[in-house]
Structure formats: structure tokens, C-alpha cells
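Before any comments, here is the structure.
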Amino acid sequence: MQVIKKISELQAALQAQKPAVVGLVPTMGALHEGHLSLIKRCTSECDVCVASVFVNPTQFNDKGDLERYPRTPEADCQLLESAGCDIVFMPTVEEMYPEPDTRVFDLGPVSEVMEGKYRPGHFNGVAQIVSKLFYAVQPDKAYFGEKDFQQIAVIRSMVDLLKIKVEIIPCPIVREESSLAKSSRNTLLTELQRKKAAKISQVLAKSCTFAMSHTVEETIAWVGEQLKSRPFRMDYYEIVDGKSLQPVRNWSDSDSIVGCIAIYCGKIRLIDNIRYK
Ligand code: PAF
């Protein structure tokens, strides 16, 4: 596995290999089995698998969150190598942002709800870095985890806007044994919080049964009720159309319906989602 820090070296390495199908797995490091499932899918479908490891400052609307974000570059390299990754791209902030990126994208309604409301500027920062990575790597396929369900819709919108030719491949959420969605942020939870955090996905799973005999509004209220006490503090639970990400009022409104949650467990903000249909 090659470890590369410069865009020019990355492009030279790709040109030397001339692979027919280039796959990219963008990450912010602190890798876990969720990321590794993306790498494995990428290596099975592409001739070359490039993984990027870069904690992108422009997508953090909270400075403390950026400082706290876990960084484990050596362990990441070992995991990537054992998962069969061919090239890891680990640039510095100066390499990705030699000057401030002033681009403001019109990412449409999918970017305005949920995370868009609660983390202003977050998706613009995601679009900045992912577009830079797409320009640098020119991948045929790019792999993203469905835990960040809204992020995938926003990246599709960015790709349409910038007319970038790349296939966006969503990959299923990987869960811990407790059913907590795997996330780099889980390492920031105390042991007790991590145990309690499993309740989030358990409640979402149970809400599918509840939903069979209740309205959308009642289901949202029920989820809120189950997760209303400490250590939890809910930002939102929304039940949305799986494509437009706009709230649905009735279960018959769409044939693709997803519930999306953002909730603090102590000081750590977690997201997860569940498909109703
Ligand atoms: O999902 C993430 O880890 C990040 O948002 C991404 C896509 C790597 C961009 O920094």
C-alpha cells in the first residue's frame, strides 16, 4: 500500500498504474469496521482502491468538535493495508486548502433540513472537500456509509451541480454487537455512555413495529418519549422521504421512508437512521 501526502504524487501514482476502474473511499480517519466494509466493497469492484484520511476543518461548525475529533493515523494505515487498500491519501490542511475555499454551493432542499438546520455550513464544507477529492482522484466510483444518510443525498446533489462523472455507492450501516451504529465518535463515549447509546438504535428498530399501528406524528412522538431522559438530548427525529429528505405526513406519502435521528449522548452527538419502507 502506498501512503501519499501530495495531490501531484497521488495523480502520478494513478497515472503510472492506469487502472480501468478507480474507487475512492473518503474518510476522516479513526477507522472502524464501517469504513473497512467500504474498503472491502471498493477493492472488490475496482482495480485500484484509494482511501483518503483527512479531518476536514471546513465541515466542522463547532471548533471544539474539530479539536476533539479522534486522530489515529498509524492504526488507520495498518487497518487499510489489511483490508486491501492500494493507496492511502493523507494530505495536510495546507495541501487541500492552499488558500481559503470560498465556494458556496447551492445544494438544494436536501441540504437544508435536519443536519443542514442544526449544523450550518457543515454540508458546504463536505461539498468543498469531497469535490476537491473527486477532482484529485477522478474516481469512477465513490463509497459512502449510509449512517450519514443525508450526506449521501447532498453529495449526489453536489455531483449533479458540478457535473462530476462518478458513481456514488451507498453502503449499509455497520453496527456494534449492541446494535449501536459504528462511528469514529463512539470512541469519545465513556464505557457507560457507550452501553446506554445502544438504546438509540434499539428504539429506532422498535419504532418500526410501533409505526405499523400508529401515524407518522405518533411515531415521532413515541421515539422522542423513549429517548427523553439523560444521558440523551435530542436534536431531532424526523421521518422523511428517502429521496427528497422532506418530512412525510402519512406512511402512504412515499414508497421510500426513512427515520433520521441526531441525539447527544452526554457531550457526544450521534446520528443514526432506520428505513420504514
Ligand atoms: O463522512 C465523512 O467521514 C466525511 O464527511 C467525508 C465524506 C470523508 C468528508 O470529509
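Of everything in segment 7-18 that's at pLDDT 95 or above and more than 24 Å from the chain's Cα centre (by Cα), which residue is farthest from Ser131 (Cα to Cα)? Walk me through how you get there before you give the answer.
In the first step, residues of segment 7-18 are kept if they are at pLDDT 95 or above; the result is 7-16.
Filter again for more than 24 Å from the chain's Cα centre (by Cα), leaving 8-9, 11-16.
Working: Ser8: 16, Glu9: 18, Gln11: 15, Ala12: 19, Ala13: 20, Leu14: 18, Gln15: 20, Ala16: 23 Å.
So the residue we want is Ala16.
Scan segment 163-192 residue by residue and report those that are buried (at least 18 other Cβ atoms within 10 Å of the Cβ) and of a type in the set (S, T, N, Q).
If the condition is that a residue be buried (at least 18 other Cβ atoms within 10 Å of the Cβ) and of a type in the set (S, T, N, Q), then Ser183, Ser184, Asn186 are the ones that fit.
Would you say Ser82 is more than 13 Å from the ligand (Cβ to nearest atom), crowded, with 17+ Cβ neighbours inside 10 Å and not aromatic (Phe, Trp, Tyr)? So that I can check it myself, show each step before the final result.
Numbers: more than 13 Å from the ligand (Cβ to nearest atom): yes; crowded, with 17+ Cβ neighbours inside 10 Å: no; not aromatic (Phe, Trp, Tyr): yes.
The answer is no for Ser82.
Output yes when any residue across segment 91-104 is closer than 13 Å to Gly29 by Cβ, assigned to a loop (DSSP other than H, G, I, E, B), within 12 Å of the ligand (Cβ to nearest atom) and touching a Lys or Arg at 6+ places or on another chain (Cβ under 8 Å), and no when none is.
Within segment 91-104, one or more residues are closer than 13 Å to Gly29 by Cβ, assigned to a loop (DSSP other than H, G, I, E, B), within 12 Å of the ligand (Cβ to nearest atom) and touching a Lys or Arg at 6+ places or on another chain (Cβ under 8 Å).
Got a sec? Which of Lys182, Lys228 is charged (D, E, K, R), closer than 26 Å to Lys267 by Cβ and in contact with a helix residue (DSSP H, G or I) (Cβ under 9 Å, 6 or more places away or on another chain)?
On the way: Lys228 fails: in contact with a helix residue (DSSP H, G or I) (Cβ under 9 Å, 6 or more places away or on another chain).
From the options Lys182, Lys228, the qualifying one is Lys182.
Quick one: would you say Pro231 is over 19 Å from the mean Cα position of the chain (by Cα) and either buried (at least 17 other Cβ atoms within 10 Å of the Cβ) or within 20 Å of Pro247 (Cα to Cα) (or both)?
Yes, satisfied.
For residues that are without any contact (Cβ under 8 Å) to a residue 40 or more places away in the chain and charged (D, E, K, R), tally how many sit in segment 71-92.
Let us first name the residues in segment 71-92 that are without any contact (Cβ under 8 Å) to a residue 40 or more places away in the chain, namely 74, 78, 82.
Filter again for charged (D, E, K, R), leaving 74.
Adding up the residues that qualify gives 1.
In this structure, is Val88 away from the ligand (no atom under 15 Å from the Cβ) and either in contact with a helix residue (DSSP H, G or I) (Cβ under 9 Å, 6 or more places away or on another chain) or not in a helix (DSSP H, G or I) (or both)?
Numbers: away from the ligand (no atom under 15 Å from the Cβ): no; either in contact with a helix residue (DSSP H, G or I) (Cβ under 9 Å, 6 or more places away or on another chain) or not in a helix (DSSP H, G or I) (or both): yes.
So Val88 fails the test.
Within segment 56-78, take every residue that is surrounded by 19 or more Cβ atoms within 10 Å (Cβ to Cβ) and either of a type in the set (A, V, I, L, M) or more than 17 Å from Gln151 (Cβ to Cβ) (or both) and give me the one that is nearest to the ligand (Cβ to nearest atom).
Among those residues, the one meeting the criterion is Asp76.
Which residues, taken from segment 139-162, are surrounded by 19 or more Cβ atoms within 10 Å (Cβ to Cβ), in contact with a Cys (Cβ under 9 Å, 6 or more places away or on another chain) and part of a helix (DSSP H, G or I)?
Answer for segment 139-162, where residues must be surrounded by 19 or more Cβ atoms within 10 Å (Cβ to Cβ), in contact with a Cys (Cβ under 9 Å, 6 or more places away or on another chain) and part of a helix (DSSP H, G or I): Phe149, Gln150.
Based on this model, can you work out whether Ile155 counts as β-branched (Val, Ile, Thr), in contact with a helix residue (DSSP H, G or I) (Cβ under 7 Å, 6 or more places away or on another chain) and away from the ligand (no atom under 15 Å from the Cβ)?
Values: β-branched (Val, Ile, Thr): yes; in contact with a helix residue (DSSP H, G or I) (Cβ under 7 Å, 6 or more places away or on another chain): yes; away from the ligand (no atom under 15 Å from the Cβ): no.
No: the conditions fail for Ile155.
Name, by its number, the condition in (1) over 23 Å from Leu188 (Cα atoms); (2) surrounded by 16 or more Cβ atoms within 10 Å (Cβ to Cβ) that does not hold for Ser44.
All conditions pass for Ser44, except number (2).
The values are calculated or read from the model by the stated rules, or taken from the named source; none is laboratory data. Bear in mind the structure is a predicted one, so any value in this text is a computation, not a measurement. All Cβ positions, glycine included, derive from the backbone under ideal geometry; neighbour counts span all protein chains shown.
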